[in-house]
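Have a look at the structure below, then the notes.
The values are calculated or read from the model by the stated rules, or taken from the named source; none is laboratory data. Just so it is clear, the structure is predicted and the values come from calculations on it, not from any experiment. Cβ: placed from backbone, ideal geometry, glycine included. Neighbour counts: every protein chain shown.
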Amino acid sequence: MPRTFTDEQLRDIATPPEQHALAALARGDLPAVQRWLDEMAAGHAGLDALSLHALARKAGKLRQDVGEAKALQTLARVGRQLMATWTAQWQAGDARGAIADLVAVFRHQVGAGLAPLTEDDEHVTLCLTPCGSGGRVDRQRLADKHPAAYGGWADGVNSYCQGCKAQQRALNDSLGFDAWTSEKRPDGACVLRFHKGAQRGQALFTEAERSELTQTRVQRARARLAQGNTEVAALIDGQRKEWMPWHDFAVVWLAHLYAAALEIGGQPYLDELLAQTYEPAFVAGFPRYAALDDEALAREIARTWNYHCADFRLHEENERFVFTLDPCGSGGRLLRGQMWRDMFHYGAPLSPLIAEPQPINFMRRDAPSYCTHCAASNRAQLRGAADPAVPLFFVIDGHAQMAPGMPCRTYAYKRGADRARVDAALFHEVGLSAPTPPQP
């Protein structure tokens, strides 16, 4: 097949939107800056939604499979590990830093409305009007529409918020006081209160900080431009990774849930968990990706990796685009121990490697447990590879990243690619047989 892009065009496609915005700012093209800010604000929307629904559905499946009491115990264990760095920070007397980072998690949830923080001698309060995660589940009435996945809990709290409540209880139990509490309100709103601990009686934030901590860089840049202030370069530069707090928090939360699934039922149960909670969300995107032409597909996957907190290179082969991730923003950074706040290291509690090879871990020994969801998405695509209506848009080479320092690879196959020429090893990695070319 002929090449779609020149090398220069490929570099342009891989360039983060923030770099285009900075270039427009440098040449004084403010309308273009505004357009790029719009794109930047929505850059992580798809990943945000996938994280939210994956987490909620996994909690819901635990409740269905092991009962509510054991599901809550599991969420509590996950919560203790997820909140370990915050526990240490509060114990060290740094409530200011701990609170600021929890606010950052909620600040980047799509659709969230954060009022400026308020503060008294004992507490810092954050009003979410609405919350962009559990509040979104409530606003969309998902617990009523899909009770098995999102509802059915005895207290009426949805599946996502069960995880959030478990994290609060875990933090508070570890510290011996109510450091973080929440009050759910109508229409998806929620009020979070954070206790100052050893810093009680002190003013932790200035008035300006109480406002800025609830605003994204894009929001602050737009406000400056509206006032005629074009000093926004520092807000734009690096914006694609600004949502790392929520991104990494969700990734580590998922990683611990995978570990819990392994403890409950081994690799077969983890396989089932992914097949029932992750693959359906992934497959739901097939019609959209199948409708993209090659140029739009390359741009879409590049945007996804830019906002997945990854660093990557893009090149084109005859029948596919190749993204070399050094590292992948989730599994690769987990394997390298590069997560925000140093939250995750393989070998820590609820952070295992999988010793034995199985299709769900790309038939590898000592495979990173988090990367099993990539094997699940490969399986969802490759089992239908003989059908040209099934897009092969996000195929991971599960044997590329065999050690922390190695990059991972993703393939996005062009619409006219010969499916019979897809590397047979990719099928074998997830326990499938490569399709047999049709006989003449």
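Values computed for the structure shown
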{"read-out": "1 or more residues more than 21 Å from Ser211 (Cα to Cα) and free of Cβ contacts under 8 Å to residues at least 12 places away in the same chain: qualifying helices (runs of 4 or more DSSP H) within region 221-303", "value": "244-277, 279-283, 286-290"}
{"read-out": "Hey, Ser377 of a type in the set (Ser, Thr, Tyr) and in a loop (DSSP other than H, G, I, E, B) or not", "value": "no"}
{"read-out": "Candidate set: region 424-440, residues that are at pLDDT below 95 and not aliphatic (A, V, I, L, M); chosen: the one surrounded by the most Cβ atoms within 10 Å (Cβ to Cβ)", "value": "Pro435"}
{"read-out": "Any hit, region 143-154, residues being more than 20 Å from Leu50 (Cα to Cα) and either under 18 Å from the mean Cα position of the chain (by Cα) or without any contact (Cβ under 8 Å) to a residue 40 or more places away in the chain (or both)", "value": "no"}
{"read-out": "Qualifying position, being at pLDDT 95 or above, surrounded by fewer than 22 Cβ atoms within 10 Å (Cβ to Cβ), under 19 Å from the mean Cα position of the chain (by Cα) and among the polar types (S, T, N, Q), among Ser330, Ser351", "value": "Ser351"}
{"read-out": "Single unsatisfied condition, Arg341 versus (1) over 17 Å from the mean Cα position of the chain (by Cα); (2) surrounded by fewer than 21 Cβ atoms within 10 Å (Cβ to Cβ)", "value": "(1)"}
{"read-out": "Residues that are of a type in the set (A, V, I, L, M, F, W, C) and either surrounded by 23 or more Cβ atoms within 10 Å (Cβ to Cβ) or closer than 18 Å to Gly265 by Cα (or both), drawn from region 357-381", "value": "Ile360, Phe362, Ala367, Cys371, Cys374, Ala375, Ala376"}
{"read-out": "Failed criterion for Leu117 (all others in (1) in contact with a Gly (Cβ under 8 Å, 6 or more places away or on another chain); (2) among the aliphatic types (A, V, I, L, M); (3) farther than 12 Å from Leu52 by Cβ hold)", "value": "(1)"}
{"read-out": "Selection within region 407-439 - under 18 Å from Thr372 (Cβ atoms) and outside any helix (DSSP H, G or I)", "value": "Cys408, Arg409, Thr410, Val430, Gly431, Leu432"}
{"read-out": "In region 182-204, the residues that are within 22 Å of Asp94 (Cα to Cα), within 29 Å of the chain's Cα centre (by Cα) and free of Cβ contacts under 8 Å to residues at least 60 places away in the same chain", "value": "Ser182"}
{"read-out": "Residue in region 205-220 that is touching a residue at least 40 places away in the same chain (Cβ under 8 Å), loosely packed, with under 13 Cβ neighbours inside 10 Å and not hydroxyl-bearing (Ser, Thr, Tyr) present", "value": "no"}
{"read-out": "Residue list for region 80-110, restricted to those being surrounded by fewer than 18 Cβ atoms within 10 Å (Cβ to Cβ), hydrophobic (A, V, I, L, M, F, W, C) and assigned to a loop (DSSP other than H, G, I, E, B)", "value": "Ala92"}
{"read-out": "Wholly within region 117-200, helices (runs of 4 or more DSSP H) carrying at least 1 residues that are under 24 Å from Val66 (Cα atoms) and among the β-branched types (Val, Ile, Thr)", "value": "134-139"}
{"read-out": "Selected residue [touching a Leu at 6+ places or on another chain (Cβ under 7 Å) and within 25 Å of Ala71 (Cβ to Cβ)] from Leu334, Leu262", "value": "Leu262"}
{"read-out": "Yes/no for Gly285 being modelled with pLDDT under 95 and out of contact with any strand residue (DSSP E or B) (no Cβ under 8 Å at 6 or more places or on another chain)", "value": "yes"}
{"read-out": "Failed item, numbered, when Ser211 is tested on (1) in a helix (DSSP H, G or I); (2) within 25 Å of Asp138 (Cα to Cα); (3) polar (S, T, N, Q)", "value": "(2)"}
